[in-house]
Amino acid sequence: MKRTERSTNDWQAADSAHHLHPFTDFKSLAAKGTRVIVRGDNIYVWDSEGQRLLDAMSGLWCVNVGYGQQALIDAATEQLKRLPFYNSFFQTTTPPAIELSELLAEVTPPQFKHVFFSGSGSEGNDTIVRMVRRYWDVLGQPGRQVIISRRNAYHGSTMAGASLGGMQGMHAQGGLPIPDIVHIEQPCWFTHGQAMSRDDFGLKAAKWLEDKIIEIGADKVAAFIGEPVQGAGGVVVPPDTYWPEIQRICDEHGILLVSDEVICGFGRTGRWFGCETFGYRPDLMTFAKGVTSGYIPLGGVMVGERVAKVLIDQGGEFHHGYTYSGHPVACAVAIANIRLIQREGLVERVRTELGPYLARQFESLAEHPLVGEAQTCGMMGALQLVRNKASGEVFDPLLEAGMVCRGHCFGNGLVMRAVGDRMIVAPPLVMTTAQIDEMVALIRQCLDLTLADVKRRGWL
Ligand SMILES: Cc1ncc(COP(=O)(O)O)c(C=O)c1O
């Protein structure tokens, strides 16, 4: 049977019989049936029932140039025909891997001249753990093992990625975190800082890092890792004072600063990388997702000169790598994607036009009775749902009000994600302002439906 000839029911039956989905309660998904997405174009996807959805999550924070970009399709096709795979292990490499390395050195901040490729963001963060510990070993300070991260951070789902992340549910399964990874509180003003100004709270949240370094002893700390904006944690945009102070603290104690740019990289915040938007200078950066706009898996680590010099000049062999490090087809797609971002001026458009426009639209959504806080950064936004707008009281988490809202979004042609009761978007960077209007109108409609729904359920 050809794929297109199968009915939705048939797809769902086969899916629940054989496919275990990520981050999913398998049994309850099997009971509900999954949604089968069959096609995409520009900022829209279609399911197997023919319903069109405005994809305000860019797939999973990755389809930044939108669906159906011919330049990326051609790049993959040509490279598949010419050389679908070769490795970069044994004194070999391929032209796309070389050219992408060159291009990444061009678009990343000036301290980055080297890249180590992986297949995903999680693998990239595994590389980070290996690399920062190796760096301190080579420098004769093997005691510097501890990596400090933050609660509610998301750094992937491998053992190291999940350990670096600060998600309680993940830590509760599989004996995580692995040793020598510790967490401080996240810089979430809505949850932890409402009694003070955002700027004061930013300094206070950064101080949590300094306190932790002093508690552990700086001579035991290898690195601090953070996302510029915590994405999967609910688009938590830190106060402007936060990152410069984090930089000062890392500098003062000599510890490496790692920016996980898997979501924020390649223009999402209005600069090429989130660290540029927030004014800090990382030693290492993880990237994935937007590097290929999700058309094909690719990730990696940008290695700043401070680390690269030590590893290259004194490190000897680095016993680490992946079969798909520098995969030629993935690299060819990444080159086409980055060239497209450059050609269309997407980073600048996000900074000067789309980001400010989205911010204004979200300010208007902040007036909705269900919204306690609206935040944006570039082409990312979050709406915190609240039970009582005046007091900021949130819903009982067990009610899962966010999931109710998400249900209305899906039902009305909008992909919007719920992280607890924070409703988030990260739409493609190729949107027009008219499409932002369309998205915001759908969000407003879904908020209204959610309000009526929670009233009906007696939750207000
Ligand atoms: C900040 C961040 N780091 C790492 C990852 C993991 O990337 P991947 O799912 O490609 O392994 C993600 C995924 O969402 C992410 O948001």
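Per-residue answers, yes or no, for (1) of a type in the set (D, E, K, R); (2) over 26 Å from LEU298 (Cα atoms); (3) outside the structural domain of GLY316 (by TED's automatic domain parsing):
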| site | (1), (2), (3) |
| --- | --- |
| VAL129 | no, no, no |
| ARG134 | yes, no, no |
| GLY140 | no, yes, no |
| ASN152 | no, no, no |
| PRO177 | no, no, no |
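Per-residue answers, yes or no, for (1) touching a residue at least 60 places away in the same chain (Cβ under 8 Å); (2) over 25 Å from GLY66 (Cβ atoms); (3) within 16 Å of the ligand (Cβ to nearest atom):
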site	(1), (2), (3)
ARG281	yes, yes, no
THR286	yes, no, yes
THR292	yes, no, yes
VAL303	yes, yes, no
ARG306	yes, yes, no
LYS309	no, yes, no
GLN314	yes, yes, no
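Pairs meeting the criteria (first residue in the stretch 216-227 and more than 15 Å from the ligand (Cβ to nearest atom), second residue modelled with pLDDT of 95 or more and among the aromatic types (Phe, Trp, Tyr), beta carbons under 8 Å, at least 6 apart or on different chains) are ALA222/TYR135; ALA222/TRP136. Selection of first residues in the stretch 148-170 that are over 13 Å from SER122 (Cβ atoms) and of second residues that are more than 8 Å from the ligand (Cβ to nearest atom) and among the hydroxyl-bearing types (Ser, Thr, Tyr), restricted to Cβ pairs under 7 Å at least 6 apart or on distinct chains, gives the following pairs, ordered by first then second residue: GLY166/SER149.
The rows are residues; the columns are (1) part of a loop (DSSP other than H, G, I, E, B); (2) under 21 Å from LEU54 (Cα atoms); (3) at pLDDT 95 or above.
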residue: PHE395; (1), (2), (3): yes, no, yes
residue: VAL404; (1), (2), (3): no, yes, yes
residue: LEU429; (1), (2), (3): yes, yes, yes
residue: ARG444; (1), (2), (3): no, yes, yes
residue: LEU449; (1), (2), (3): no, yes, yes
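Checking each residue in the stretch 239-260 for being in contact with a Gly (Cβ under 6 Å, 6 or more places away or on another chain) and either at positive phi or not in a helix (DSSP H, G or I) (or both) picks out PRO239, THR241. Considering GLY166, GLY161, GLY193, the condition of being farther than 19 Å from ILE128 by Cβ and either surrounded by fewer than 18 Cβ atoms within 10 Å (Cβ to Cβ) or assigned by TED's automatic domain parsing to the domain that holds ILE263 (or both) is satisfied by GLY193 alone.
Out of ALA153, ALA162, one residue alone is part of a helix (DSSP H, G or I), within 12 Å of the ligand (Cβ to nearest atom) and under 21 Å from the mean Cα position of the chain (by Cα). It is ALA162.
With respect to THR34, determine if the residue is under 24 Å from MET302 (Cβ atoms), more than 16 Å from the ligand (Cβ to nearest atom) and part of a loop (DSSP other than H, G, I, E, B). So THR34 does not fit the description; no. Consider the stretch 22-78 and keep the residues that are farther than 28 Å from ILE436 by Cβ, over 21 Å from the mean Cα position of the chain (by Cα) and of a type in the set (Val, Ile, Thr). The one that is modelled with the highest pLDDT is THR77. Summed over the stretch 395-409, residues that are surrounded by 16 or more Cβ atoms within 10 Å (Cβ to Cβ) and out of contact with any Lys or Arg (no Cβ under 6 Å at 6 or more places or on another chain) total 8.
Yes/no per residue for (1) among the hydroxyl-bearing types (Ser, Thr, Tyr); (2) touching a strand residue (DSSP E or B) at 6+ places or on another chain (Cβ under 7 Å); (3) closer than 19 Å to LEU354 by Cβ:
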| position | (1), (2), (3) |
| --- | --- |
| ASN388 | no, no, no |
| GLY402 | no, yes, no |
| ASP421 | no, yes, no |
| MET439 | no, yes, yes |
| LEU442 | no, yes, yes |
| ASP453 | no, no, no |
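In this structure, ARG130 qualifies as among the basic types (Lys, Arg), under 29 Å from PHE89 (Cβ atoms) and within 16 Å of the ligand (Cβ to nearest atom).
The values are calculated or read from the model by the stated rules, or taken from the named source; none is laboratory data. As the structure is a prediction and not an experimental result, all values here were calculated from the model. Counting neighbours? That spans all protein chains shown, and the Cβs are built from the backbone with ideal geometry, glycine included.
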